[in-house]
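The values are calculated or read from the model by the stated rules, or taken from the named source; none is laboratory data. Predicted model only: the values in this text are computed from it and were never measured. When we count neighbours, we look across all protein chains shown, and the Cβ atoms used for this are built from the backbone with ideal geometry, even at glycine. Each accessible area value is taken on the protein alone, full model and side chains, heavy atoms only, with ligands, DNA and RNA left out. Shrake-Rupley method; radii C 1.70, N 1.55, O 1.52, S 1.80 Å.
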Amino acid sequence: MRISAFGAAVGALALTAVAVPAAHADGTPPTILDVTVNNGQDVVLGTTTKLITATVTASDPSRITNGPVTLYHGGTDMNDDKFDAVLMPTTGQATCSAVNHQTWKCRISINGNPTLVTNSTAGTWHVYAQAYAGNDSYTTLTPNPAIRVLRASRLTVNASPEPVRKGRTITVAGKLSRASWDDDLQYHGYANQPVKLQFRKAGTNTYSTVRTVHANGYGNLRTTVTAASDGYWRYYFTGSTTTAAVRAAGDYVDVR
C-alpha cells in the first residue's frame, strides 16, 4: 500500500511538471521573490497527517494567478527522476492575494501524510516552487532551496521520590521516542542519544543543564541527583539531523 501511494504521488508530480502553460508566451516570465515553507521552520511529521503551509511571493504586471509548491527528497532537480519521496499540494490552485500593483502572495497547503514518506527520507528536502502569471507565462524557482523534514519526538520525565528530604537521592527517569514512518506508524525508543538533564529552582523562570544523560538501547533515561532545593526537573533533547528537538514538561519535587 505504501509503495502504491508513493507511485501515485510520483505520477501526479510528473503530470504537474509537464501540464504547464507555454513558457514565456507573452515575453518576460514572472519573478519569484520569496518562497516560505512552514513559516521558515523545520517540517516535523508525527504519525498522523499534517497540513504544511507554503507561500510564494512573485511579481508580474499581468498579476500572479497561481503558486504551487511541492516538497521532494533525493536528487538535485525535480525533473531528474531521482527523488524517492514527495509531498504535494492538497489542491492544484493556490490562493493568491495582491501585495501591491504587481506583487502577489500565493498560499497553498501541502499534504504532510506520513504514509508518503519513510524513515530513510528524514532530513534535508528540496522545494519545487512555481509562479504562474495572467499572461500564461510561468517561472520555476532555481536553484531549489532546502528545508528539513524531521521525525517528531516525544520525551517523558519522572523525578522521585516526592517529597524528598534534603541531601537524599532523587532518581530522574524518562524515555526518548520518535515517530516511525515505516509500517506501524507508532513512536519507538530513540536509542543511544544524548539528552540534557535540566533543573529549574522554584520561584525562577530559567532551566539550567545539570548533566548529559545518554538514552539506552530502548530510549530509556535514568540518572540520580542529590536533593538540594524545591524545583522542576526535566529532560531536553536538542534534536538530530533526522529527528526534531523536544522538551519534557518539568516534574516538580518538594525538598524538605
Accessible area (Å², 1.4 Å probe, nearest 10) - C96: 30
Taking Cα atoms only, helix 2-18 is inclined relative to the longest principal axis of the chain by an angle, in degrees rounded to 10, of 40
Using a 1.4 angstrom probe, figure out how much accessible area the chain has per residue, in square angstrom, rounded to the nearest whole. 50
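Please count, across the chain, the pairs of lysine residues with Cα atoms under 24 Å apart that sit 8 or more places apart or on different chains. Walk me through the numbers on the way to the answer.
On the way: K50/K105; K166/K196; K166/K201; K175/K196; K175/K201.
Value for the chain: 5.
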How much of the accessible area of the chain, probe 1.4 Å, is carbon plus sulfur, in whole percent? 48
q = 0.08 Å⁻¹: log10 I(q)/I(0) that the Debye formula gives for the chain, counting C-alpha atoms only: -0.45
Compute the orientation-averaged projected area for the stretch 38-150 from the convex hull of its Cα atoms and round it to one decimal in nm². 6.9
Just to verify a number: FRET efficiency for D184 and T212, C-beta to C-beta distance, R0 = 25 Å, to 0.05? 0.25
log10 I(q)/I(0) for the stretch 192-256, Debye formula on C-alpha points only (no solvent), q = 0.11 Å⁻¹, two decimals, reads -0.27
In whole Hz, with x marking every Gly and Pro, tabulate ³J(HN,Hα) for the stretch 161-175 from phi via Karplus 6.51 cos²θ - 1.76 cosθ + 1.60, θ = phi - 60°. x, 9, x, 9, 7, 4, x, 7, 8, 10, 9, 10, 10, x, 8
Give the whole-number value, in cubic angstrom per residue, of the convex hull volume spanned by the C-alpha atoms of the stretch 119-195. 201
Looking at the stretch 164-212, I'd like the Rg to Rh ratio, where Rg is from alpha-carbon atoms and Rh is Kirkwood's inverse mean 1/r. 1.13
Could you give the length gained on full extension between Q41 and V99, defined as 0.36 nm per residue of separation minus the Cα-Cα distance, in nm? 18.6 nm
Descending accessible area (1.4 Å probe), largest on the left, turns S240, S137 into S240, S137
